[in-house]
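The values are calculated or read from the model by the stated rules, or taken from the named source; none is laboratory data. None of the values given here were measured: they were computed from a predicted structure. In this analysis, Cβ positions are derived from the backbone assuming ideal geometry, glycine residues included, and neighbour counts consider all displayed protein chains.
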Amino acid sequence: MVMSNRPVVGIGMRSKSLFVRSDGHGLAYQNARLSPVAFAPVPFRMTILSRRLISIFVLVAGHVAFNVHAADEVVNPDVFTPYVGYGIFKDDNISRQPENGSRVSDTWRRTTVGVRINKPISRQRIYADLSVNDTKYDRFSNLDNDGRRLLGNWNWVLGNQFSGNVGSSLVETLTPFEDVSPTGDPLPSSVRTQRSSFVNGGWRFHPSWRVHTGFSRDDISYDSIPSARLKLETTDLGIDYLPRSQNKLGLLLRHGNGTYPNQFGALNSDYTQDEVKADLKWQLTGKTGLKFLGGWARRTYDTDAARNFSGPDGRLAIDWAATGKTAFTLAAWRQLGARRVAGEPVDGIPAQDDLSSNYSRNTGASLGVNWKATGKTSFDAMMLTEDREYNRIDRDDQYRKNVIGLTYLPWRQLNVRLSVYDQELKSNVSTARTYRTKGVQLATRYEF
């Protein structure tokens, strides 16, 4: 599944009784009936209300969509786009057990309805996304949940030289399996809430030069794990050289403050991080492009100087359009915590910070390929490997994931995607919770 870029305002899932964790593909915590490990119940809310909202929304969206096709001059479908989706997912190790553990598989189905708004107002642009979903499991019916997804951004323009974005997001979901504690172990089952807000702007004071600045605030918390709450404030200041070739060569200064308001004494992990980085986007040839954001990063902890870090930090990505139908993307990175996810902004929204990686220094690489077989059919594959060094304990993990997918567009409004994946986590610590899992996903989406 494709992950959204930053301020995706998420809508989280609520469960009647949670004993398995969620990693976006499945759930990853142990069933109490299969293991003596205890589980933390998570309240289930809004199920009946959400189902009623879904029913009402489907009727309204269908009515609006009919009018859109019947009278394009009244509603532009590019401005107001209702959509529905349905997916079937299967994972063969839903509790993320080791090879010799009690592996349990399950199949679940998810129905989604939503609307996307992309409204230009003179030179301004308003973007919003709202959806609700309902998920049901074949085996673990007590994991049935409902969710929602929200997003908002104002892409503002002032005159011919000033532009930027203002937006906020709220993500509430079951704790993803990738979220870890300072010891590198998965966090217990919980409802995770992430609130984000951001504002940025730039001044193109010369046809080839632009200065820009931005501020973002993130707050991520867990219902049953108060000590894991993280608040992060980041300020950026940069200057870019923009030649007529549409390339970019920039310098970025970044200052961040991370605080854990519910950690005290020796467990306190509050820190300050400063970065000086080159920001490069360059079209090397007609078929090859390069993106690089990297330089030097320094992190200083408030209570434990032994954990301070200073060193190279960055990410490089190379895109190669080998033919008119085949494209490759090669990426490599070495980043410390709260890493910036690679990718261009979507609808003016900055790329997302992965706040869950705050406890480790990550070095990895990935290779992706896409082949457009026909006008309606495309194949893709991705291989990823990452080493994670934890800065509080002597532990190194090795994570890998492989994905192969097929996308079919029977007609313009309908998207059908089938994918299979294989992922594995290993560690140099014998007591660490390692696993390997495989799965298959079939997802559809129809835009009215």
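Residue by residue, here is whether (1) among the hydroxyl-bearing types (Ser, Thr, Tyr); (2) surrounded by 20 or more Cβ atoms within 10 Å (Cβ to Cβ) holds:
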site: Tyr86; (1), (2): yes, no
site: Ser122; (1), (2): yes, no
site: Arg125; (1), (2): no, no
site: Asn133; (1), (2): no, yes
site: Trp154; (1), (2): no, no
site: Val157; (1), (2): no, no
site: Phe162; (1), (2): no, no
site: Gly167; (1), (2): no, yes
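Per the listing Gly368, Gly343, the residue uniquely at pLDDT below 80, closer than 30 Å to Ser169 by Cα and surrounded by fewer than 18 Cβ atoms within 10 Å (Cβ to Cβ) is Gly343. Within the range 228-258, if we keep just the residues that are among the charged types (D, E, K, R) and under 24 Å from the mean Cα position of the chain (by Cα), the residue that is modelled with the lowest pLDDT turns out to be Arg229.
Check Lys376 against each of (1) touching a residue at least 24 places away in the same chain (Cβ under 8 Å); (2) farther than 24 Å from Arg445 by Cβ; (3) not aliphatic (A, V, I, L, M) and name the one condition it does not meet. All conditions are met except number (2).
Taken over the range 323-335, the residue count meeting the criterion of being part of a strand (DSSP E or B), within 20 Å of Met382 (Cα to Cα) and not hydrophobic (A, V, I, L, M, F, W, C) is 3. Mind listing just one residue for me: the one in the range 398-415 that is surrounded by fewer than 16 Cβ atoms within 10 Å (Cβ to Cβ) and hydrophobic (A, V, I, L, M, F, W, C) and, of those, nearest to Arg388 (Cα to Cα)? That would be Ile404. Given the residues Asn362, Asn358, Asn391, Asn402, which is the only one that is at pLDDT below 85 and within 20 Å of the chain's Cα centre (by Cα)? When all the criteria are applied, what remains is Asn358.
Of the numbered criteria (1) charged (D, E, K, R); (2) in contact with a Pro (Cβ under 9 Å, 6 or more places away or on another chain); (3) under 24 Å from Asn362 (Cβ atoms), the one Arg395 fails is (2). The set of residues in the range 286-322 that are modelled with pLDDT of 95 or more and assigned to a loop (DSSP other than H, G, I, E, B) comprises Lys287, Ala322.
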